[in-house]
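What follows is a single structure, written as structure tokens, with notes after it.
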Amino acid sequence: MRIFTAAILAGLTASAGFAQDSENAAQDENRWAIVIHGGAGVIERDSMDAETEAAYRAALDAALDRGGDILAGGGAAIDAVEQVIRAMEDDPLFNAGRGAVFTAEGRNELDASIMTGDTLEAGAVAGVTGIRHPITAARAVMENSRHVMLTGEGAEAFAREQDLEFVAPAFYFTERRWRSMERAVGEMGLPLPDRPEGAPEPEDIEEGHLDLLEREHRFGTVGVVALDRSGTIVAGTSTGGTTAKRWGRVGDSPVIGAGTYANALCGVSATGTGEYFIRLNIAARICLEVEMADRGAEDRPYAVQDAADLVIQGALTDLGGDGGVIVLSRGGETAWSFNTPGMYRASWGSGQDRIVAIYGDEE
Ligand code: ASP
């Protein structure tokens with residue numbers, strides 16, 4: 001895990017470092033980079049079987065290929081972010097789109113957002129049901145409406161006007177997520193909801209799988225931050241939220257500044273217990289640290305890694321929150337920071353090695 005202590009942070013010379021970053025960006029205007037997460041949580045070796053681990057690594061690898069191909073070929077960061085997240089929304093391994101967690105009423109209520117760093121344009125949808133790709137709906141809000149965030153039925157009406165694809169509730173269904181919700185609802189003393197119409201017959205789940213899900217049950221959100229060859233940074237996040245959520249609960253993922261943020265210098269996507277990320281304005285706060293360093297504030301960290309660590313290992317941890325972030329700078333520098341045992345994550349870029357990692361003790 002790339003963690004910097006406060007002592008190391010204090011020893012950094014802020015402006016010199018960021019000047020270096022700017023210089024690198026100027027030297028290589030063709031630079032591209034991508035960083036991806038698939039959620040953070042209690043993800044540990046002893047609770048993960050080899051097959052499940054291989055499936056997650058393969059999914060992260062495929063996501064890197066998809067995004068890298070677009071960016072290396074000169075494509076736009078907005079397309080890389082949308083396309084990678086669409087693929088992850090269709091993958092039942094992740095808590096986004098297909099594979100999303102269930103509310104206490106047995107529904108899937110999906111949240112997503114996207115932001116473009118050079119223009120500060122943003123779009124988001126919250127609490128939508130039936131839209132196959134919430135990230136595409138978020139992009140449509142950004143590009144084709146006068147608004148930034150649409151919720152529930154209104155967001156769905158807009159998505160229909162935009163000709164976006166709709167699916168039946170059973171499309172999102174996975175036995176693992178359903179069982180995880182049943183367990184949580186039982187613990188809360190609430191009545192068990194009926195299985196959605198069209199859901200498959202109940203199937204046996206290996207105890208190990210359930211155990212893993214139980215421990216990481218709130219997680220599995222997906223997020224991507226990309227830098228394209230023109231120097232634009234885009235960040236996006238998509239999620240089903242938290243298991244057995246109630247009363248139209250919305251987390252940080254669709255909240256610009258909390259779960260997603262991008263400006264000309266920096267982009268962030270977050271994952272973790274949204275109630276903490278909203279109150280700490282985590283994503284924008286990290287970019288603000290980077291921006292202040294760029295303006296010459298000597299007590300500010302110059303690198304996105306340091307800014308991420310400062311906020312996640314500092315403010316988030318101090319408040320008792322759990323989760324993490326992925327971050328990308330305009331110089332193509334990628335970083336992640338999390339305070340959970342693991343985070344599904346991957347990064348790549350021009351002149352950078354590919355990294356795919358899950359556990360906290362990996363790079
Ligand atoms: N941040 C998401 C939420 O609170 C959940 C997650 O990232 O796992 O809705």
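In loop segments of segment 228-324 as defined by DSSP, the GluC sites (Glu not before Pro) with at most 16 further C-beta atoms inside 10 Å of their C-beta are Glu298. With respect to the chain, whose longest principal axis is taken over its alpha-carbon atoms, helix 175-187 is tilted by about 80°. Axis angle, to the nearest 10 degrees, between helix 50-72 and the longest C-alpha principal axis of the chain: 50 degrees. Taken along the Cα-to-beta-carbon direction at a fixed 7 Å, the label points for Ala168 and His147 span 2.9 nm. Restricting the GluC sites (Glu not before Pro) of segment 65-174 to loop positions (DSSP other than H, G, I, E, B) with no more than 13 neighbouring Cβ atoms within 10 Å leaves Glu165. If I fit a long axis through the Cα atoms of helix 77-89 and take the longest principal axis of the Cα atoms of the chain, what angle between them do I get, 0 to 90°, rounded to 10? Between the helix axis and the principal axis of the chain, the angle is about 30 degrees.
Of the chymotrypsin sites (Phe, Trp or Tyr not before Pro) found in segment 280-345, none is in coil by DSSP with at most 11 other Cβ atoms within 10 Å of its Cβ. Solvent exposure of the chain, expressed per residue, is 38 Å² of accessible area, with all protein chains present and a 1.4 angstrom probe.
With a Förster radius of 35 Å applied to the C-beta separation of Asp318 and Leu190, the computed FRET efficiency comes to 0.60.
When the residues His147, His133 are ordered by accessible surface, computed with a 1.4 Å probe over the protein chains alone, the sequence from largest down reads His147, His133. Computed over segment 244-320, the percent of Cα pairs more than 14 Å apart is 59. The fraction of Cα-Cα pairs per 20 angstrom bin, counted from 0 for the chain, comes to 33, 58, 9, 0 percent, rounded to whole percents.
Looking at segment 51-210 alone, DSSP beta bridges between its own residues are antiparallel in about 70 percent of cases. Within the chain, antiparallel bridges make up roughly 95 percent of the DSSP beta bridges whose residues both belong there.
The values are calculated or read from the model by the stated rules, or taken from the named source; none is laboratory data. All values reported here derive from a predicted model rather than from experimental measurement. Don't worry about glycine lacking a Cβ; one is built from the backbone with ideal geometry, like all the others, and counts go over all protein chains shown. Heavy atoms of the whole protein, side chains included, go into the accessibility calculation; ligands, DNA and RNA do not. Shrake-Rupley method; radii C 1.70, N 1.55, O 1.52, S 1.80 Å.
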